[in-house]
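A.B. asks: My questions all concern the structure below.
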């Protein structure tokens, strides 16, 4: 099962990546190392010491010095670890001062998801791709194309489409064989279509039923077939609730999947923000109708947290890192769910104006 980052892990990792993205080397002198989970730290240190020897051949005196010194600082830092952390380690080292000056820094991070590959690179920028991939949405979207001739079921993770299965129908063409009445031929076609819809419903169930990472299903295809399939009794109730969009698509093959993805960008872009809007709408609804089920303001929320009364703690990403860490630590003591909200929605802006912190309670609190 794909690991899903918590709101705090997302926030901390975004902050780390954003800090390192700002640094640019004058030459290929910023060092990046990824240590895989379970890999021997001593071997990594030995390899970096060997790289120091290789770096002595760099022609530019300033680049040579910066690379060797960055490697030395990294080796010294890695010696502080008695063993490789459970998820591995991402380490970055380099001279970040303006040209002609020196300011060597070393950063290390045990990522929330285990590192699977060993990487060593010197470049003008730090290699952050592996960490950025961890930030990308890990949820899966189901994609389905269907007409009366064929159907395709695929999964979308991030930007990657994986075809799970392809199917063809037994629905005869519109030209009927000699001697067949129009009505009889029509019944044959309808029965064959129903059988195909039944099969496609089963394949959709096999692909996604019970998948906790499933965020939604998008169905496309030419003509009315997709609506016949959706409106009929061919999809389980749980999966039918997951349908977030139905699109008119020309093709029902690999080209059709890309066409479906292109046509659904508006839906996919709004899904994450829609979850935030839904949560904030719940808070404001309580505030208007039963304000004993919510709390806002730093002091009041601290009291409610210490009572164990807070179900969901809602923090604006505009809060200072210290305040966010303080409240997350307090919430963790009482099993409180923490949600970090962007300022990209009207509701998110309202939360910021509320002081950036709100809470939905487990029960009514009378004071």
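Taken together, the values in this text are just the output of simple stated rules run on the coordinates, not laboratory data. Because the structure is a prediction, the values reported are computed rather than measured. With ideal geometry, Cβ positions are generated from the backbone for all residues, glycine too; neighbour counts draw on all protein chains shown.
A.B. asks: Among 326, 262, which comes first, second and so on when ranked by fewest other beta-carbon atoms within 10 Å?
C.D. replies: So the residues, fewest neighbours to most, are 262, 326.
A.B. asks: Please give the helix 7-21 orientation as an angle from the longest Cα principal axis of the chain, in degrees from 0 to 90, rounded to the nearest 10.
C.D. replies: 60
A.B. asks: A follow-up question, please. Work out Dmax and Rg for segment 272-361 from the C-alpha atoms and quote the Rg first, both in angstrom.
C.D. replies: 11.8, 33
A.B. asks: Please work out how much length the chain gains when fully extended from residue 57 to residue 183, using 0.36 nm per residue of separation minus the C-alpha to C-alpha distance, in nm with one decimal.
C.D. replies: Once the chain is fully extended between residue 57 and residue 183, it gains 36.9 nm.
A.B. asks: Just subtract the alpha-carbon distance of residue 49 and residue 81 from 0.36 nm times their residue separation and send over the number in nm, one decimal.
C.D. replies: 9.9 nm
A.B. asks: Return the percentage of antiparallel bridges among DSSP beta bridges fully within segment 210-367, rounded to the nearest 5 %.
C.D. replies: Looking only at bridges with both residues in segment 210-367, the antiparallel portion is about 45 percent.
A.B. asks: R0 = 51 Å: FRET efficiency of residue 198 with residue 334, Cβ-based, nearest 0.05?
C.D. replies: The calculated FRET efficiency here is 0.55.
A.B. asks: What is the angle, in °, between the Cα long axis of helix 61-78 and the longest principal axis of the Cα atoms in the chain? Nearest 10 is fine, range 0 to 90.
C.D. replies: Roughly 80 degrees, rounded to the nearest 10.
A.B. asks: Still on this structure: Cα convex hull of the chain: how many Å³ per residue?
C.D. replies: With only Cα atoms used, the chain gives 200 Å³ per residue.
A.B. asks: Against the 2.2 N^0.38 Å scaling, with N counting residues, where does segment 166-266 land? I'd like the Cα-based Rg ratio to two decimal places.
C.D. replies: Rg over 2.2 N^0.38 Å, computed on Cα atoms: 1.22.
A.B. asks: Roughly how far apart, in whole Å, are the Cα centres of segment 24-77 and segment 206-236?
C.D. replies: First find each Cα centre; the distance between them is then 52 Å.
A.B. asks: Hey, another quick one. Provide the gained length on full extension for the span residue 121 to residue 24, in nm with one decimal, where the gain is 0.36 nm per separating residue minus the Cα-Cα distance.
C.D. replies: 33.5 nm
A.B. asks: By how many degrees, between 0 and 90 and to the nearest 10, does the Cα long axis of helix 41-55 differ from the longest principal axis of the chain?
C.D. replies: Approximately 70 degrees, to the nearest 10.
A.B. asks: Same structure, new question: Taking R0 as 45 Å, what FRET efficiency do you get between residue 104 and residue 209 from their Cβ-Cβ distance, rounded to the nearest 0.05?
C.D. replies: Once rounded, the FRET efficiency stands at 0.25.
A.B. asks: May I pose another question? Using Cα pairs closer than 8 Å and at least 6 residues apart in sequence, work out the relative contact order for segment 272-361, in percent.
C.D. replies: 43
A.B. asks: Using only the Cα atoms, what convex hull volume per residue in Å³ does segment 47-192 have?
C.D. replies: 202
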